[in-house]
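Q: Below is a structure I'd like to ask you about.
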Amino acid sequence: MKNKIFDVCIVGSGAGGGVMAQQLAAAGIEVALMERGRNLGPADFLAQDELSNMIRQDFFAPDYLESQRSEAGETAQLGKFSLLAQTVGGSTAHWGSWSWRFRPDEFRVLSSEGAIDGSSIADWPVAYEEMEPFYGMAEQALGIAGSAGSNPFEAPRKNAYPNPPHVYRPASRLIESGAKKMGLHPFPTPMAINSRVYGDRAKCMNGAFCAGFGCPVNAKASTLAIHIPAALATGRCHLFAQSRVVEILVGDKGRVRGVRYLDAQGREQELLARQVILAGGSIASAQLLLLSKSARFPNGLANRSDQVGRNLMCHVFAQVNFEMDSVANSFAGPPGNIAIDDFHASDRKRGFARGAVIAEAIESMPISSALKAANYLGAGRRAWGQPLSEYLAKFPYIGGLIAIGEDMPVSSNRVDLDPTLRDAAGIPVPRITHKRHDNDIRLVRYFEQRMAEIAKAGGAKKTWSTDFTGVKTGSGHIMGTCRMGDDPECSVLNRWCRTHDVDNLWVVDGSFFPSSGGYNPTLTIFANSYRVARYFIEQAKRLDVR
Amino acid sequence: MNRREFIQLFGGAWAAALAARPLATLAAQRSDAPLVLDAAQWKTLAAICAQIIPPLHGVGAGAANSVNFIDKLLAHEDKASLPAYRQGLAALDRYARKQWQHDFAGLGSAQQVQCLENLEDGVIAAWPQSAPAQQQWFAMLRFHTILGFLAAPKFGGNQNMAGWRAIGFPGHLHELGGISDEQVSGAQPIAPMWHH
């Protein structure tokens with residue numbers, strides 16, 4: 001393949017890259033799909049366990065390093081900010097699968113709210129109406145289980161979900177009962193997990209190892225199960241697993257000409273392509289652009305605006321657990337089956353901007369549950385000994401709620417290259433600088449109260465919160481870092497996710513989000529990728545790819 | 001493929017190669033005998049684990065053999081923590097002997113609890129410089145004990161799924177081929193892994 005020139009090189013095989021590979025290959029375009037992770041599949045996923053996948057996180061990202069700090073001026077320390085999977089299928093291999101459409105106002109946050117101090121909020125260059133058909137395509141492809149129209153607050157939709165919702169467990173029914181008593185409108189959480197056999201994928205086996213895990217029966221939708229096999233079947237997609245791209249190569253006219261990567265044996269290789277599409281996630285894509293310095297691009301590729309890496313978002317989560325009188329079955333079934341969206345709309349009278357969806361979060365992981373003992377016990381009791389054992393005995397009776405809060409984009413929250421720390425390949429690790437905007441904290445406090453009220457109204461014996469605002473931690477919802485916009489001075493990508501600076505370079509992972517929305521982001525990454533793929537194919541002749 | 005074949009095919013060393021800490025997993029599957037802790041250290045650490053998670057429904061970190069999990073971890077991928085453990089265990093025994101004339105394992109339960117409370121609070125006087133900082137080490141002990149109680153049995157703790165049985169976690173349902181919607185809803189009971 002030494003002198004071969006691919007039409008397109010896609011870097012990363014998750015929601016953004018997997019869809020592009022499938023759509024482009026189906027349209028006759030020859031694609032190289034680069035993935036730094038291993039090519040694991042359902043049989044491998046049987047060997048997963050909580051320690052490997054959740055606590056150590058070395059099943060899907062065994063040699064991945066990041067450094068983090070809260071503000072410029074501090075020395076960043078090695079630590080895990082993101083919870084991302086590096087494997088064929090990317091984070092869709094291990095996602096929780098909750099699949100929401102952003103609301104129309106979530107595409108025009110600046111217009112809805114006006115400027116907010118300390119935040120870089122912006123409108124998307126794309127409106128909901130433009131995204132709507134692509135959300136529909138994504139829902140059909142993934143086989144979303146849900147009940148169209150059951151959420152009175154959701155964005156308008158033209159199509160129903162392809163599959164019926166999942167069954168409620170006892171904890172879901174407590175939430176349903178509490179919400180109804182409060183006059184709220186609970187509905188089944190839309191999930192990309194098969195509630196029945198769909199296409200060639202199995203029905204969910206209710207194992208409850210979903211978020212953070214690969215599905216052993218492909219009931220959970222992923223590019224690994226859906227898009228990549230379809231792309232490979234065309235004969236026009238070449239998958240390079242365990243191939244880590246470390247530089248985007250720039251040609252003499254300021255266009256990119258391919259990538260330099262480390263193969264499975266760690267040897268340097270070059271792969272040439274007419275178009276390069278980045279889809280390695282919001283941290284890796286920013287890192288790669290910043291690593292790709294040249295005389296023409298001394299601050300990194302596509303970074304004339306100095307916006308690459310900025311406006312890093314990770315959502316802000318509020319979590320409330322509750323204790324039931326009887327068994328909650330939180331260790332069985334899909335990862336949370338009921339949701340409440342009554343509090344989503346922004347209302348500045350609440351003391352903060354924006355909002356969140358509330359959904360059942362299952363308490364399915366024994367170690368993670370044990371590590372939250374102090375939150376149950378309160379400050380006055382030691383979280384070991386007799387009190388710890390008393391708490392652990394409650395495990396089967398515990399249910400949970402989580403709010404997925406829209407966090408404020410902040411320009412100084414960013415990814416750049418750590419000046420001293422390097423990984424095993426000698427490459428500077430991505431340095432995360434992240435400090436929460438006050439609005440995030442106020443949002444969390446409000447939603448903690450609403451969730452506790454719902455659980456208590458449903459008959460919970462006790463409720464308690466777990467605070468994620470004070471710790472230096474991100475999430476699996478990494479967004480921003482290459483925001484999309486019409487103005488090249490303050491955005492990295494145009495409305496088609498093509499970089500303003502380099503006309504054959506694109507970014508289609510969560511990097512493009514100008515704001516984070518109060519919903520899990522993945523369905524929006526999928527939908528956007530279908531949208532960009534359609535444009536790319538329409539433009540293919542002009543793009544010099546057939 | 002029936003369930004037994006399924007587990008045989010995907011169990012054992014093959015699983016260890018994919019899982020976290022593969023060397024510790026393999027070591028744990030080979031033997032429950034101490035690998036790096038000497039008899040006295042093992043005894044002290046086992047007593048600490050038993051106090052951090054005392055029996056619930058009759059089983060605590062002692063019966064689940066959390067100490068074996070920690071020994072395998074310290075023998076392999078977390079061997080960087082081994083010196084801290086050795087120094088810390090020795091310092092704790094010295095402190096126990098000075099205060100109560102017995103090694104930690106020989107103390108009464110109330111004295112052991114007092115000893116660990118002092119460690120957690122970082123108030124043990126004359127704690128040696130060479131030993132790990134009291135509060136950080138206690139946090140590590142607590143973390144490792146919980147892992148040894150509740151991590152999958154292949155890692156050397158949670159023996160015979162003792163920790164899972166104690167807390168009422170049914171185990172890796174995915175390894176059993178899953179459960180029905182009626183079991184999720186509560187209409188039918190869920191048979192835990194150890195009933196299969």
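Just so you know, all these numbers are worked out from the coordinates, no wet-lab data involved. Bear in mind that the values here come from a model prediction, so they are computed numbers and not experimental data. We place every Cβ from the backbone using ideal geometry, glycine too, and count neighbours over all the protein chains shown.
Q: Would you please put A:161-168, A:147-154, A:204-211, B:65-72 in order of how densely packed they are, using the mean number of other Cβ atoms within 10 angstrom per residue and starting with the highest?
A: B:65-72, A:204-211, A:161-168, A:147-154
Q: Which whole-Hz ³J(HN,Hα) couplings does the stretch A:39-49 yield from phi under the Karplus relation 6.51 cos²θ - 1.76 cosθ + 1.60, θ = phi - 60°, glycine and proline marked x?
A: Result, ordered by residue: 9, 9, x, x, 5, 5, 6, 5, 8, 6, 8 Hz.
Q: Okay, next question. When the Kirkwood hydrodynamic radius is evaluated over all pairs of different C-alpha atoms of the stretch A:1-76, what value in angstrom, to one decimal, is obtained?
A: Mean inverse Cα-Cα distance, inverted, gives 15.8 Å.
Q: Past the 32 Å Cα-Cα mark, which pairs from B:K72/B:K98; A:K80/B:K43; A:K349/A:K435?
A: A:K80/B:K43
Q: Amide H to amide H under 5 Å from A:L278: which residues, 5+ apart in sequence or cross-chain, H placed 1.01 Å off N in plane?
A: For A:L278, whose amide H was placed from the backbone, the distant partners under 5 Å are A:V11, A:W506, A:V507, A:V508.
Q: Here's another thing I want to ask about it. I'd like the mean, over residues of B:80-86, of how many other protein chain beta carbons sit within 10 Å of each residue's own Cβ.
A: For peptide B:80-86, the averaged partner shielding equals 0.
Q: Tell me which lysines have Cα within less than 25 Å of A:K4's Cα, excluding those fewer than 8 residues away on the same chain?
A: Counting by Cα, and skipping residues close in sequence, A:K4 has these lysines nearby: A:K253, A:K293, A:K541.
Q: About the Cα centre, and with charges only on the beta carbon of Lys, Arg (+1) and Asp, Glu (-1), how big is the dipole of the stretch B:37-167? Nearest 20 debye, please.
A: The dipole of the stretch B:37-167 has a size of about 180 debye.
Q: State the dimensionless ratio Rg/Rh of the stretch B:37-167 (Rg: radius of gyration of Cα atoms; Rh: Kirkwood radius).
A: The Rg/Rh ratio comes out at 0.96.
Q: Using the crude model of +1 on Lys and Arg Cβ and -1 on Asp and Glu Cβ, and no other charge, please compute the dipole size for the stretch A:312-388 relative to its Cα centre, in debye to 20.
A: The dipole of the stretch A:312-388 has a size of about 440 debye.
Q: Name the GluC sites (Glu not before Pro) in the stretch A:19-114 that are in a loop by DSSP and that have at most 13 other C-beta atoms within 10 Å, would you?
A: A:E71, A:E74
Q: Can you give the calculated 222 nm mean residue ellipticity of the protein assembly as shown, where each DSSP H run of n ≥ 4 adds -39,500 (n - 2.57) and the sum is split over every residue, rounded to the nearest 500 deg cm²/dmol?
A: Here the helix-only value at 222 nm equals -9000 deg cm²/dmol.
Q: I would also like to ask the following. Take every residue in peptide A:51-64, count the Cβ atoms of other chains within 10 Å of its Cβ, and give the average of those counts.
A: Counting Cβ atoms of other protein chains within 10 Å of each residue's Cβ and averaging gives 4.
Q: Okay, next question. Past 21 Å, Cα to Cα, is the threshold; run A:K394/A:K461; A:K181/A:K461; A:K372/B:K154; A:K220/A:K456 against it and keep the listed order.
A: Among A:K394/A:K461; A:K181/A:K461; A:K372/B:K154; A:K220/A:K456, the Cα-Cα distance tops 21 Å for A:K372/B:K154; A:K220/A:K456.
Q: Given a cut-off of under 8 Å on Cα pairs at least six residues apart, what relative contact order in percent is computed for chain A?
A: Value for chain A: 24 percent.
Q: Counting C-alpha atoms alone, how compact is the stretch A:102-233: give Rg to one decimal and Dmax as a whole number, in angstrom.
A: 17.8, 52
Q: While we're here: Quote the FRET efficiency, to the nearest 0.05, computed for A:R267 versus A:R445 with a Förster distance R0 of 51 Å and r equal to the Cβ-Cβ distance.
A: In this case the efficiency is close to 0.45.
Q: Once the Cα gyration tensor of the protein assembly as shown is diagonalised, what are the square roots of 5 times its eigenvalues, in whole Å and ordered largest first, as equivalent ellipsoid semi-axes?
A: 42, 30, 26
Q: Right, here's the next one. So what's the gap between the Cα centers of the stretch A:1-42 and the stretch A:144-214, to the nearest angstrom?
A: Each part's Cα centre sits 31 Å from the other's.
Q: Let me confirm one metric for peptide B:164-170, namely the mean number of other chain beta-carbon atoms within 10 Å of its residues' beta-carbons.
A: 6
Q: Tell me the relative contact order for the stretch A:362-406 as a rounded percent, counting alpha carbon contacts under 8 Å between residues six or more apart.
A: Computed over the stretch A:362-406, the figure is 43 percent.
Q: Kirkwood Rh over Cα pairs of the stretch B:65-140 into Stokes-Einstein at 25 °C, 0.890 mPa s: D in µm²/s?
A: Rounded, D is 190 µm²/s.
Q: Round to a whole angstrom and tell me the spacing of the C-alpha centers of the stretch B:124-152 and the stretch A:319-339.
A: The two parts, judged by their Cα centres, are 32 Å apart.
Q: Right, something else. I'd like to know which of A:A374, A:T223, A:G300 lies farthest towards the positive end of the charge dipole of chain A, counting +1 on Cβ of Lys and Arg and -1 on Cβ of Asp and Glu.
A: Farthest along the dipole direction, towards plus: A:T223.
Q: Then there's this: Give a quick list of chymotrypsin sites (Phe, Trp or Tyr not before Pro) in the stretch A:264-365 that DSSP marks as loop, anything other than H, G, I, E or B, with at most 15 other Cβ atoms within 10 Å.
A: Answer in residue order: no site qualifies.
Q: Still on this structure: Under the Karplus relation 6.51 cos²θ - 1.76 cosθ + 1.60, θ = phi - 60°, what is the ordered set of whole-Hz ³J(HN,Hα) values for the stretch A:354-365, x standing for Gly and Pro?
A: In residue order, the calculated couplings are 6, x, 7, 8, 9, 8, 4, 10, 6, 9, 9, 10 Hz.
Q: Given contacts defined as C-alpha pairs under 8 Å and at least six residues apart, what's the relative contact order of chain B, whole-number percent?
A: Reported as a whole number, the value is 25 percent.
Q: Something else: Report, by chain and number, residues whose modeled amide H sits under 5 Å from the one on A:T87, excluding near sequence neighbours (fewer than 5 apart, same chain).
A: Placed amide hydrogens put A:G37 under 5 Å from A:T87.
Q: Taking the dipole about the Cα centre of the stretch B:37-167, with the C-beta of Lys and Arg at +1 and of Asp and Glu at -1, give me whichever of B:Q101, B:Q87, B:N158 is farthest to the positive side.
A: Going by the Cα projections, it comes out as B:N158.
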